[in-house]
Amino acid sequence: MNKLNLWCWNDIKHWYTNVDIIPWEGVDKVFDFETIPYPFEDNTFDEIYCSMVMEHIHNLPDMISEIVRISKNDGLLKIIVPYHSSPNLWWDITHVRGFNLNSFSWFHVNSLKNHGWSGFFLLKQKIHYLSNKKFMESSIINIVPDFFINLFPKIYERFFSFICPSSEIHYLIKVIK
């Protein structure tokens, strides 16, 4: 199983190809994520893990197209990004966007089929009140707020996300080609 850890920084994962824009210790490949195409063959990866990457990318549709290109059909994308109301979203001046429940709707396979493009299917998304490195899991301090936020996420997003802001959102996506 081929796995890619995109923009790994110091989160080197065993059994993954770890890539970054800086040659940190443990990084397998170095390249600029804004430069297309990525240095991988089509249909290479079964899983791509992107933690705190996409908020830095200026041309997100190009990045998504590349991720779909290098993913195998039925490959999984595990994405962690800042939530749109996060108090931490704008502390980093290199952030260009936040994300919400609808951020990946445009890339959904039903939205793209009229264009003849590949896309993906959103399997699961989860808002986390506080930052959490474990994908789709709530830390002990997050269990109660995460439960209530994700019980009715659209109501939370519409009425309460700026009153009681969450830190990040996790997406589990299946690539459809």
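If I ask for residues that are closer than 21 Å to His128 by Cβ and in a loop (DSSP other than H, G, I, E, B), which ones from the range 14-56 would you list?
Listed by number, the residues that qualify are Met52, Val53.
Filter the range 18-47 for residues that are polar (S, T, N, Q) and open to solvent by less than 70 Å² (accessible area, probe 1.4 Å); which is nearest to Leu77 (Cα to Cα)?
In this case the residue turns out to be Thr44.
Does Pro165 fit the bill of being modelled with pLDDT of 95 or more, more than 17 Å from the chain's Cα centre (by Cα) and assigned to a loop (DSSP other than H, G, I, E, B)?
Yes: the conditions hold for Pro165.
Against the conditions (1) open to solvent by 10 Å² or more (accessible area, probe 1.4 Å); (2) more than 22 Å from Ser131 (Cβ to Cβ); (3) in a strand (DSSP E or B), where does Gly75 fall short? Just the number, please.
(1)
If you go through the range 57-64 one residue at a time, do you hit one that is among the acidic types (Asp, Glu) and part of a loop (DSSP other than H, G, I, E, B)?
Scanning the range 57-64, I find no residue that is among the acidic types (Asp, Glu) and part of a loop (DSSP other than H, G, I, E, B), so the answer is no.
Does any residue of the range 2-13 turn out to be surrounded by fewer than 15 Cβ atoms within 10 Å (Cβ to Cβ), outside any strand (DSSP E or B) and either at positive phi or touching a strand residue (DSSP E or B) at 6+ places or on another chain (Cβ under 6 Å) (or both)?
yes
I'd like the full set of residues that are outside any helix (DSSP H, G or I) and at pLDDT below 95, limited to the range 138-162.
Matches in the range 138-162: Ser138, Ser139.
For the range 96-107, does any single residue satisfy the condition of being touching a helix residue (DSSP H, G or I) at 6+ places or on another chain (Cβ under 6 Å) and of a type in the set (Lys, Arg)?
yes
Across the range 119-152, what is the number of residues that are open to solvent by less than 70 Å² (accessible area, probe 1.4 Å) and farther than 20 Å from Arg97 by Cα?
The total comes to 11.
Please indicate, with yes or no, whether at least one residue in the range 88-102 is open to solvent by less than 10 Å² (accessible area, probe 1.4 Å), modelled with pLDDT of 95 or more and within 18 Å of Asn5 (Cβ to Cβ).
No.
Return a yes/no flag: does the range 63-72 have any residue that is open to solvent by 30 Å² or more (accessible area, probe 1.4 Å), touching a strand residue (DSSP E or B) at 6+ places or on another chain (Cβ under 8 Å) and under 17 Å from Lys3 (Cα atoms).
yes
Can you go through Tyr171, Tyr83, Tyr156, Tyr129 and tell me which one is under 22 Å from Tyr16 (Cα atoms) and either in contact with a Lys or Arg (Cβ under 6 Å, 6 or more places away or on another chain) or not aliphatic (A, V, I, L, M) (or both)?
Tyr171
The values are calculated or read from the model by the stated rules, or taken from the named source; none is laboratory data. Just so you know, these numbers come straight off a predicted model, no measurement behind them. Counting neighbours? That spans all protein chains shown, and the Cβs are built from the backbone with ideal geometry, glycine included. When the accessible area is computed, the model is the full protein with side chains, heavy atoms only, and any ligands, DNA or RNA have been set aside. Shrake-Rupley method; radii C 1.70, N 1.55, O 1.52, S 1.80 Å.
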